[in-house]
Amino acid sequence: MSVRSLFVRMGKIFPHPVAMDHIRSMPRRRLTPEEENKPYAKYFHKELAEIPRDDLERVNAGPVNPASATPIERRNDLLEPGYLEVETGYTVMPDGSGFAATLVRMPEVTPEMLDWWFNWHPLEGLRYAIWCPPAHVDIGVKDPARHLDSSGVPLRERNEGSTHYPVEGFNLRSAQRLAIRFYSPREFGLDMELFREPFISRAYCADVTLSLMRTPFCVFLHAVRSVAGGVEYRSRYWIGYTMRGGKPVRVRRPMPFRMMDLARNNCLHSLMEYNNLASFLPQLYAEMGGRIE
């Protein structure tokens, strides 16, 4: 598959306007008999969690004004108290890059559960698939032993410096292998003076490369804030950027053919996967005893 044909397949994934009926009807892959026997296979078969109506309405309203979006150079703004002008939405920035933002509220989820999740799920394809069955297919990780409890590395730090190799897309048809390289907040260029409660509990930072021709795709930051009864999971995606030496670099290859479509797809995919994760993570964490073995 050529890079051009790949991006064509990543084009208009979702209808306009989009509704939950369409999202829930998206095809899923088949599980193997071995996967079906796993205790957490039930989460693959459950109905995809509802995306809040207000968020779908924001997406269906069309792109936001780029002047209201957060440029990657101002990523530290997510560490400040309060909210930014665009918490859920998408657009194309003046430099031609894509931007997507989502805010997902996760009742009964703790930062420790999220640390566990980012170390538990990359160890097996089914674990990744239950996160977003219409889009996630499989996964591998560079150093599986580092993610285990036996590694001796504190859970909060275990995923930093890790590279995940998922097979995913905005839907199954657009799925391909990616390389997601995670950074510590400091390596990502975040202001560590701002990195403290009550403003922020965790930051999951990475850049994403398409394995096909090692094409840089995007940079993302998930800023997690503890609130009464759970956490707020605030995500930003900058499509057309990569990280080098702790600094964002604009990709100059003619990678995107329909950048607005990619930004909208990314926004909807983030709403799908993080609302779905919120719907089962507390129960799954309890069932697994918070262990990674």
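Rg then Dmax, both in Å and based on the Cα atoms of the stretch 126-219: 14.9, 43. Tell me, what is the FRET efficiency for Ala145 and Glu36 to the nearest 0.05, using R0 = 30 angstrom and their Cβ-Cβ distance as r? With a Förster radius of 30 Å, E is 0.65. Annotation note: trypsin sites (Lys or Arg not before Pro) in the stretch 33-105 located in DSSP loop regions with a Cβ neighbour count of at most 16 within 10 Å are Lys46.
Here the chain exposes an accessible surface that is 51 percent carbon and sulfur, computed with a 1.4 Å probe and the other protein chains kept in place. Accessible area per residue for the stretch 168-293 is 39 Å², calculated with a 1.4 Å probe on protein heavy atoms, without ligands, DNA or RNA. Note on Asn65 and Met288: their simple-model spin labels are 4.3 nm apart, each label 7 Å out from Cα toward Cβ. Semi-axis lengths, largest first, of the ellipsoid equivalent to the stretch 158-290 are 26, 20, 14 Å, with √(5λ) applied to each eigenvalue of the Cα gyration tensor. Averaged per residue, the stretch 7-134 has 46 square angstrom of accessible surface, using a 1.4 angstrom probe with ligands and nucleic acids left out. Within the stretch 85-173, all pairs of alpha-carbon atoms sorted by distance into 10 Å bins from zero give the percentages 15, 33, 37, 14, 1.
The values are calculated or read from the model by the stated rules, or taken from the named source; none is laboratory data. Everything numeric here is computed off the predicted structure, so don't read it as measured data. Because the Cβ atoms are built from the backbone with ideal geometry, glycine has one as well, and the counts that use them run over all protein chains shown. Accessible surface is based on the protein model in full, side chains and every heavy atom, while ligands, DNA and RNA are left aside. Shrake-Rupley method; radii C 1.70, N 1.55, O 1.52, S 1.80 Å.
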